[in-house]
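Written below as structure tokens is the structure these notes are about.
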Amino acid sequence: MRKSEQIMLITIILSFLLSIYFYPKLPESIASHWNMFGEADGYTSRIWGVLLMPIILVITLVLFILIPKIDPLRANIEKFRKYYDEFMVVVVLFFLYTHLLILLWNIGIQFNMVQLLAPAFAVLLYYSAVATENAKRNWFIGIQTPWTLSSEKVWNKTHKLGGKLLKLAALISLLGVFIPSYAALLILIPIIIITVYVIFYSYVEYQKEAKRI
């Protein structure tokens, strides 16, 4: 196994161990969803509460291992495999951190869930930015639009811009630590704006390229 896959496997094992340790301490019904103000507004059974995140981690590991093998442009993934592997590790660590927060909250340690997730989202967005900036054309990882997939030049320009914007989003999301009532908005709004903008940008760049031909 690759080093990144070993780290992911260890993370999955830790998630199951956390579930086993906390299970007897948890109530029969546990909070599983929080609104934008960090207030619990959704509940599930104890067994699903402790198993859901470890199951998601297992699925994530399988997907990350499969993608470089089944992508028709898998040779391109190998060109930025270092960044792909780093992003894989960050994603599973993000899930493990979220799992721990959920377990702690449900044994009675009260805190603003969104506020504590804000720095984790900042790290996730930053590594998403690094992976985006270095991604080569493929069918699974990156900004997938008809125009980026049709032109390597448009792909590269869109991903360089997208990476810079995601780094800015990472900085903005950190403000949620200090302004917890707006933490969710500080995470979601920049992502939505960036998504719409880069889709539009890729279209415009493709049209420019088409006119030059």
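The values are calculated or read from the model by the stated rules, or taken from the named source; none is laboratory data. The structure displayed is predicted, hence computed values, not measured ones. Reconstructed Cβ throughout: ideal geometry from the backbone, glycine too, with neighbour counts over all protein chains shown.
Given the options Tyr43, Tyr23, name the one that is within 21 Å of Met113 (Cα to Cα) and in contact with a strand residue (DSSP E or B) (Cβ under 6 Å, 6 or more places away or on another chain). Before the answer, list the steps.
On the way: Tyr23 fails: in contact with a strand residue (DSSP E or B) (Cβ under 6 Å, 6 or more places away or on another chain).
When all the criteria are applied, what remains is Tyr43.
Do you know which of the residues in segment 59-72 that are loosely packed, with under 15 Cβ neighbours inside 10 Å and not basic (Lys, Arg) is farthest from the chain's Cα centre (by Cα)? Please lay out each step first, then the result.
Here is the first cut: in segment 59-72, the residues loosely packed, with under 15 Cβ neighbours inside 10 Å are 59, 62-63, 66, 69-70, 72.
Those left that are additionally not basic (Lys, Arg): 59, 62-63, 66, 70, 72.
Numbers: Ile59: 14, Val62: 16, Leu63: 14, Leu66: 18, Ile70: 21, Pro72: 23 Å.
Checked segment 59-72; the qualifying residue farthest from the chain's Cα centre (by Cα) is Pro72.
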Cross-chain or 6+ apart pairs with Cβ under 6 Å, segment 187-210 first and among the small types (Gly, Ala, Ser), then modelled with pLDDT of 95 or more: Ser202/Thr145; Ser202/Trp147; Ser202/Thr148; Ser202/Val154; Ser202/Thr158
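Taking Gly42, is it in a strand (DSSP E or B) and either farther than 30 Å from Glu86 by Cβ or over 19 Å from the mean Cα position of the chain (by Cα) (or both)? Write out each step before concluding.
Details: in a strand (DSSP E or B): yes; either farther than 30 Å from Glu86 by Cβ or over 19 Å from the mean Cα position of the chain (by Cα) (or both): yes.
It is true that Gly42 is in a strand (DSSP E or B) and either farther than 30 Å from Glu86 by Cβ or over 19 Å from the mean Cα position of the chain (by Cα) (or both).
Going through segment 1-32 one residue at a time, which ones are loosely packed, with under 14 Cβ neighbours inside 10 Å and in a helix (DSSP H, G or I)?
Correct list: Lys3, Gln6, Ile10, Ile13, Leu17, Ile20, Tyr21, Pro24, Lys25.
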Residue tally, condition without any contact (Cβ under 8 Å) to a residue 40 or more places away in the chain and in contact with a Gly (Cβ under 8 Å, 6 or more places away or on another chain), over segment 1-38: 1
Condition test on Met88, is it assigned to a loop (DSSP other than H, G, I, E, B) and either at pLDDT 95 or above or closer than 27 Å to Ile141 by Cβ (or both)? no
Restricting to segment 74-103, name every residue that is more than 19 Å from Gly163 (Cβ to Cβ), touching a residue at least 12 places away in the same chain (Cβ under 8 Å) and more than 13 Å from the chain's Cα centre (by Cα). Arg74, His99, Leu100, Leu101, Ile102, Leu103
Looking at segment 33-58, which of its residues are surrounded by fewer than 18 Cβ atoms within 10 Å (Cβ to Cβ) and hydrophobic (A, V, I, L, M, F, W, C)? Met36, Phe37, Ala40, Ile47, Trp48, Leu51, Leu52, Ile55, Ile56, Val58
